[in-house]
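Written below as structure tokens is the structure these notes are about.
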Amino acid sequence: MRKAIAWGCLVPMRRSLLGYEASTRKVLEHLGVQTTDIPNETCCAPFWMQSLDLTTSLAMAARNLAKAEAMGMDLLTPCSGCFHSYKRVNHVMENYPEMRERIDEILRSVRLHYEGTVEPRHLVDFLHKDIGPDKLQQKATRDLSGISIGLRYGCHMLKPHELLNIEYSERPIFADELLEQFGVNSVQYGGRHRCCGGLLRGVQDDIADRILHERLVDVNEQGVDGIVTVCSLCHMQHDMGQRGIKRKFGMDDLELPVLHYPQLLALGFGYKPEELGLDLHTMKTDKIVAKIMGGGKR
Amino acid sequence: MEQTDKRGYRGDFPVTDDDVDATFKKEIASLVGGEGLLRCLKCGACSGGCPVGSVIDYRPRKVLGNVLLGLKDEVLSSDQIWMCAACFTCEERCVQQVNFTDVVTVLRNIASREGNAAPGYIKMAEMVRKNGRVSARTGQVDRMREELGLPPLQDPDIETLQRIMTQAGLDAVIAANTKEEKSE
């Protein structure tokens, strides 16, 4: 069934995240999933906006949900922040009647209505549950068994699991399972499931740096070919933030490419690196891309 | 150096009756997301998993303790509620379903209305109000999208968004925080 896609603010607008949109589109097209962009999508008002005013944030997010509902589609998003916001709207509307009334009233003033019937889905969960590892394996054309990566699940795709209902966040495996269909070696390591500090960027920059430093030390010790993220903020922290950490903490040998999850899948489906925006990242992806392109076909 | 500012350094000062507002915890517990507060056993599972606590001296349990004790002014005007990275690990691990992250949201909402929001988040909110997204559109991004074969960027429905922000109360929050800045 056709899905309404919410791309979020950052994915279609930031140089290093354009590849997230491009590769998501390629992967979904390759798997025969039909999509429509949410018309004139606006900010989903994620956690930082909830911090300023929860009511406003929920009403803002409900605007995009109302559009998806009017099209009769469930909502799919590659951004964990967006996913979390939309799940939050449904949860609050179900559990707090007074807040539901308030959101209704605000939306009425802009001639919108959201009944609460849209199921928000995260791209990676959708690929795992609705498409499945088997189908991915059948469609794989490029062998990725030569590369090892450090996968980051991030926070807002999984936590808290009562709200998001994908998998218990302490030891998740579903996203690894999909990469394994292409032969990728997804390495287990300390700090794999810990926060990257992304939401403190611009507010408590020193803390954001120190947390990111811990994450980069953790993954760098594994000698992986790169990091793979499923969240816009994780990518911005690890990719755009890496040079700063290198300087601030004197990590001279730090040079880790950071791939978006569907970029790796699209490479496994045989797409060319230049179609996937891999040259737009802050950290050079040349080495991991060369290693992948030098690997065999299957 | 002698520490003269009480905010955020509670350990250095004894609490007196003047510092305590006994109704504070009930006020927080009555708001959306705050209801878990009164279930807190102060076990510290939240502090144990906190990524901020692993790099600086920050303990969610201490914040919860301050709220339960009723240190209203101190909690609402200090940095301690703005240091949470919202990773939800504490919420995931809390056996009492206190939902610290949600309690922090309630506290931040009250602080924001009083003009004590984190300036960085206010700047981002102003950006969203103006552009409909948290980033501004540039010709460079448009060109890169075209080269990558992506469809042209849609214009966000700014008019609707701004009306929602006014109607729901965010404009008032932004005003409360920008006024403060000017008077300083």
Quiz item: Could you list, in sequence order, the residues of region A:246-278 that are in contact (Cβ under 8 Å) with a residue 24 or more places away in the chain, surrounded by fewer than 22 Cβ atoms within 10 Å (Cβ to Cβ) and not in a loop (DSSP other than H, G, I, E, B)?
Solution: A:Lys248, A:Glu275
Quiz item: Given the structure, is B:Ile158 on the phi < 0 side of the Ramachandran plot and touching a residue at least 24 places away in the same chain (Cβ under 8 Å)?
Solution: yes
Self-check item: Residues satisfying the stated conditions in region B:123-145, i.e. in contact (Cβ under 8 Å) with a residue 24 or more places away in the chain and surrounded by 22 or more Cβ atoms within 10 Å (Cβ to Cβ)
Solution: B:Ala125, B:Val128, B:Gly132
Quiz prompt | Among the candidates A:Leu276, A:Leu264, residue that is closer than 16 Å to B:Met144 by Cβ and either within 12 Å of chain B (Cβ to nearest Cβ) or touching a Leu at 6+ places or on another chain (Cβ under 7 Å) (or both) | solution = A:Leu276
Self-check item: Residues that are more than 11 Å from chain B (Cβ to nearest Cβ) and either touching a strand residue (DSSP E or B) at 6+ places or on another chain (Cβ under 6 Å) or of a type in the set (Asp, Glu) (or both), drawn from region A:83-109
Solution: A:Phe83, A:Tyr86, A:Lys87, A:Glu94, A:Glu101, A:Asp104
Practice problem: Working only within region B:82-125, note down all residues that are within 14 Å of A:Pro160 (Cβ to Cβ) and at the interface with another protein chain (Cβ under 7 Å from one of its Cβ atoms). | Solution: B:Ala86, B:Cys87, B:Phe88, B:Thr89, B:Glu91, B:Glu92, B:Thr105
Quiz item: Is there a residue being in contact (Cβ under 8 Å) with a residue 40 or more places away in the chain, within 14 Å of chain B (Cβ to nearest Cβ), more than 23 Å from B:Thr101 (Cβ to Cβ) and in contact with an Asp or Glu (Cβ under 8 Å, 6 or more places away or on another chain) anywhere in region A:110-126?
Solution: yes
Quiz prompt | Qualifying positions in region A:1-36 - in a loop (DSSP other than H, G, I, E, B) and of a type in the set (Gly, Ala, Ser) | solution = A:Ala6, A:Gly8, A:Gly32
Exercise. Could you grab me the full set of residues in region B:126-170 that are part of a loop (DSSP other than H, G, I, E, B), hydroxyl-bearing (Ser, Thr, Tyr) and more than 7 Å from chain A (Cβ to nearest Cβ)?
Key: B:Thr138
Exercise. Hey, can you tell me all the residues within region A:37-69 that are within 7 Å of chain B (Cβ to nearest Cβ), over 15 Å from B:Pro156 (Cβ atoms) and assigned to a helix (DSSP H, G or I)?
Key: A:Phe47, A:Trp48, A:Gln50, A:Ser51, A:Leu52, A:Leu54, A:Thr55, A:Thr56, A:Ala59
Quiz item: Restricting attention to region A:6-36, and to residues there that are free of Cβ contacts under 8 Å to residues at least 24 places away in the same chain and touching a helix residue (DSSP H, G or I) at 6+ places or on another chain (Cβ under 7 Å), which single residue is farthest from the other protein chains (Cβ to nearest Cβ)?
Solution: A:Pro12
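Taken together, the values in this text are just the output of simple stated rules run on the coordinates, not laboratory data. Note that the structure is a prediction, hence the values are computed from the model and not measured. Because the Cβ atoms are built from the backbone with ideal geometry, glycine has one as well, and the counts that use them run over all protein chains shown.
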